[in-house]
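Following: one structure in structure tokens, then a few remarks.
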Number of protein chains: 2
Amino acid sequence: MHARNYRLPALVAVVLFAVSATGDPGSVYEPDGRMKFPKDYREWIFLSSGLDMSYREMPGMGDHSMFDNVFVEPAAYRVFLRTGTWPEETRFALETRGAKGKGSINQRGKFQSGEPMGVEVHVKDAKRFAGGWAFFGFQGTESAPQIPTGAECYACHQKNGAVDTTFVQFYPTLLGIAKQKGTLRSAYPQ
Amino acid sequence: MHARNYRLPALVAVVLFAVSATGDPGSVYEPDGRMKFPKDYREWIFLSSGLDMSYREMPGMGDHSMFDNVFVEPAAYRVFLRTGTWPEETRFALETRGAKGKGSINQRGKFQSGEPMGVEVHVKDAKRFAGGWAFFGFQGTESAPQIPTGAECYACHQKNGAVDTTFVQFYPTLLGIAKQKGTLRSAYPQ
């Protein structure tokens, strides 16, 4: 009985990897290169959330307060646990959602409320993108064109990402793994 | 080719359900009734996070600032998407983690940092618990005894949970589903 219980999850893992490995680019991109909205990103692995994070000193959002939630695809997450690096075709999703103070029985602090204010995908694909990584910004669930490589996000991730242009310094469950595997950039901003 | 791509995820779903349905209580509980620490909860489905939420008017945490992250088991989540209700054996995990302001390139707002400060599990199991649900509080990864049913969490969830003693009013991706399926309590605090 025990042997059987252990074998089933292994089978699941094998099937999941098979699905991932035969991934059809048509499920991710339109023929014209726009990325399809990743409908299932809320079922990816959660990495962390922040509230009103900003990389600049000056306030810029007025009265708006929002959470960001970061997810990564399960197959890529499992590779990172094993190696401390991201495989080709890894996708991250960054979702922003409104922060609410008083509501229901909550009296203080902030909770997430309402529909997403936006979803951005960061994708690794050296065959497809010069520089190896690309960003796509979605409004609603329409397919989206690549954000031009001159945009600030590219230079900032390149300069400050702790592992391979990604902000592993902000993902508490991954930072220790990168340290252990020796995959942190030597001079990332701590 | 398309037919094949669609069939594989279906197979995965069937296998996952099979694993879930044959779930051995020995994987969740010790023989003495303590719950084992759910080692894989960070791979469950993320429902939401909050910062310094409190159901009381008065401040009580001094200088501590922390995020809470809520996860639910994937099989239970899929049942909720379909029905707006939680099946028997559903487990939620509530994790608290320190909130940090300035750090790395972050200048404002808060991000999550460090090890979990605690993990609490809310579990549905009418065969095992009078009242149908129970709470378990973990310090570290040791197995934990049930929190006594006189504790405030039981009465508060019972009185204020929007769906079956759970705080669906704070889970933005589930609230609409519960509305649509008609499973919200008629008088939950909005």
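The values are calculated or read from the model by the stated rules, or taken from the named source; none is laboratory data. The structure displayed is predicted, hence computed values, not measured ones. Note that we place each Cβ from the backbone using ideal geometry, even for glycine, and neighbour counts take in every protein chain shown.
Conditions tested, residue by residue: (1) free of Cβ contacts under 8 Å to residues at least 24 places away in the same chain; (2) among the small types (Gly, Ala, Ser); (3) surrounded by 13 or more Cβ atoms within 10 Å (Cβ to Cβ); (4) assigned to a loop (DSSP other than H, G, I, E, B).
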residue: B:GLU89; (1), (2), (3), (4): no, no, yes, yes
residue: B:SER113; (1), (2), (3), (4): yes, yes, yes, no
residue: B:VAL121; (1), (2), (3), (4): no, no, yes, no
residue: B:GLY150; (1), (2), (3), (4): yes, yes, no, yes
residue: B:CYS156; (1), (2), (3), (4): no, no, yes, no
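Just wondering, is there one or more residues in the range A:137-145 that are within 16 Å of the chain's Cα centre (by Cα) and either of a type in the set (Val, Ile, Thr) or not in a strand (DSSP E or B) (or both)? No: zero hits. Taken over the range B:8-48, the criterion of being among the hydrophobic types (A, V, I, L, M, F, W, C) and at pLDDT below 60 is satisfied by B:LEU8, B:ALA10, B:LEU11, B:VAL12, B:ALA13, B:VAL14, B:VAL15, B:LEU16, B:PHE17, B:ALA18, B:VAL19, B:ALA21.
With the requirement that a residue be over 20 Å from B:GLU43 (Cα atoms) and not in a loop (DSSP other than H, G, I, E, B), what does the range A:61-87 give you?
Listed by number, the residues that qualify are A:MET66, A:PHE67.
Can you name the residue in the range B:28-57 that is over 22 Å from B:GLU73 (Cβ atoms) and not in a strand (DSSP E or B) and, of all such residues, is nearest to the chain's Cα centre (by Cα)? Selected residue: B:TYR55.
The condition of being within 24 Å of B:PRO172 (Cα to Cα) and of a type in the set (D, E, K, R) holds for only one of A:GLU120, A:GLU88, that being A:GLU120. Of the residues making up the range A:175-189, none is under 14 Å from the mean Cα position of the chain (by Cα) and closer than 30 Å to B:PRO172 by Cα.
Inside the range B:91-111, residues that are touching an Asp or Glu at 6+ places or on another chain (Cβ under 9 Å), among the polar types (S, T, N, Q) and without any contact (Cβ under 8 Å) to a residue 24 or more places away in the chain make up a count of 1. Exactly one residue among B:PRO87, B:PRO74 is at the interface with chain A (Cβ under 9 Å from one of its Cβ atoms), in contact with a Phe, Trp or Tyr (Cβ under 9 Å, 6 or more places away or on another chain), under 30 Å from B:GLY33 (Cβ atoms) and of a type outside the set (A, V, I, L, M), and that residue is B:PRO74. Taking the numbered list (1) touching a Pro at 6+ places or on another chain (Cβ under 6 Å); (2) basic (Lys, Arg); (3) modelled with pLDDT under 95 in turn, A:ARG97 passes all entries but (3). If I filter the range A:158-183 down to residues being in contact with a strand residue (DSSP E or B) (Cβ under 9 Å, 6 or more places away or on another chain), away from chain B (no Cβ under 12 Å) and not in a helix (DSSP H, G or I), which single residue comes out as nearest to B:SER113 (Cα to Cα)? Among residues in the range A:158-183 that are in contact with a strand residue (DSSP E or B) (Cβ under 9 Å, 6 or more places away or on another chain), away from chain B (no Cβ under 12 Å) and not in a helix (DSSP H, G or I), the one nearest to B:SER113 (Cα to Cα) is A:THR166.
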